[in-house]
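Bear in mind these aren't lab numbers, they're just calculated from the coordinates by the rules spelled out. Everything numeric here is computed off the predicted structure, so don't read it as measured data. Cβ coordinates were reconstructed from backbone atoms using ideal geometry, including for glycine residues, and neighbour counts include every protein chain displayed.
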């Protein structure tokens, strides 16, 4: 019997970082998977901003080094507070609706404060692989 560990591959797309500008992941190859999710985690803002927002989206391309375009509908509801989690569903991997290579873009926008930054990170979880186990390492 296999567990979720054997069926879902986790890829750190955006390492946890205190950011004041957009953070874009490297190209992630989704070959061999049918679906997935992007999990965006927001921590506490630093530098006491008077307000801030965080947006995230998925971009895709047929080749790892090509021109990436936004995936229609693959965005989060804008985050406006500390300590939140948002998820983007990835379906139709490898089709015209979601091409083989993806990038995750997390964009904080901060107002006021002293050098304000938002703590952001993103993880891609790929599932329904053509082959199990998926090759996670402990």
Next item on the list: Would you please put 56-62, 71-77, 24-30 in order of how densely packed they are, using the mean number of other Cβ atoms within 10 angstrom per residue and starting with the highest?
Entry: 56-62, 24-30, 71-77
Checklist line | Length-normalised contact order for the chain - Cα pairs under 8 Å, 6+ apart - percent | finding: 46 percent
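What is the Rg over Rh value, at two decimals, for the chain, using alpha-carbon atoms and the Kirkwood definition of Rh? It would help to have the intermediate numbers written out before the result.
On the way: Rg = 15.8 Å, Rh = 15.6 Å.
When Rh is taken as the Kirkwood radius, the ratio is 1.02.
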Check: What's the FRET efficiency of residue 20 with residue 70 using the Cβ-Cβ distance as r and R₀ = 22 Å, to the nearest 0.05?
Finding: 0.50
Item checked: Gap separating the Cα centres of the stretch 1-35 and the stretch 82-134, nearest whole Å -> 7 Å
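So what's the back-of-envelope 222 nm ellipticity for the chain, counting only DSSP H runs of four-plus at -39500 (n - 2.57) apiece and dividing by all residues, rounded to 500? Let's see the in-between values first.
Details: 1 runs with 4 residues, N = 138.
Result for the chain, helices only: -500 deg cm²/dmol.
Would you work out if the stretch 1-70 is rounded, prolate or oblate? Take a ≥ b ≥ c from the square roots of the eigenvalues of the alpha-carbon gyration tensor; rounded if a/c is under 1.5, else prolate when a/b is larger than b/c, oblate otherwise.
Numbers: a/c = 2.95, a/b = 1.47, b/c = 2.00.
The shape class here is oblate.
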